[in-house]
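Input: one structure, supplied below.
FYI, it's all coordinate maths here, none of it is from the lab. Only a predicted model underlies this, so the values are computations on that prediction, with no experimental measurement involved. Because the Cβ atoms are built from the backbone with ideal geometry, glycine has one as well, and the counts that use them run over all protein chains shown.
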Amino acid sequence: MTSAAFAPSKTPAGIPVREILPWAVFGGLLLLALYFVSAEQGATSIFPGMYIHEFVHDGRHLLGFPCH
């Protein structure tokens, strides 16, 4: 019976940025959308007025975020 031994690699594996970048952009946009749906009102508001709140109002209730 023959056994093969693998020598450990001394060079670390590189991170393929071209494969990670689209997912990082998607995750960032998802977090941005989640902010606007969940927290864009009151003290944490970035934009003045209630325009964004009214635009995402039904989405807030669909996702279970209270706003009244």
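Relative to the longest principal axis of the C-alpha atoms of the chain, give the angle of the C-alpha long axis of helix 17-38, reported between 0 and 90° and rounded to the nearest 10°.
20
Please report the base-10 log of the normalised intensity I(q)/I(0) for the chain, using a Debye sum with one equal scatterer per alpha carbon and no solvent, at each q in 0.14, 0.20, 0.24 (1/Å).
Per q value, in the given order, log10 I(q)/I(0) is -0.60, -0.86, -1.02.
Assuming R0 = 30 Å, can you tell me the calculated FRET efficiency for the pair Ala13 and Ser45, based on Cβ-Cβ distance, to the nearest 0.05?
Efficiency at R0 = 30 Å is approximately 0.10.
Based solely on its DSSP helices, what 222 nm [θ] is calculated for the chain when runs of n ≥ 4 H residues each add -39,500 (n - 2.57) and the sum is averaged over all residues, nearest 500 deg cm²/dmol? Numbers along the way, then the final one.
Working: 3 runs with 33 residues, N = 68.
Mean residue ellipticity at 222 nm (helix-derived): -14500 deg cm²/dmol.
Okay, moving on. Compute the FRET efficiency between Ala5 and Phe65 as 1/(1 + (r/R0)^6), taking r as their Cβ-Cβ distance and R0 = 35 Å, and round to the nearest 0.05.
0.05
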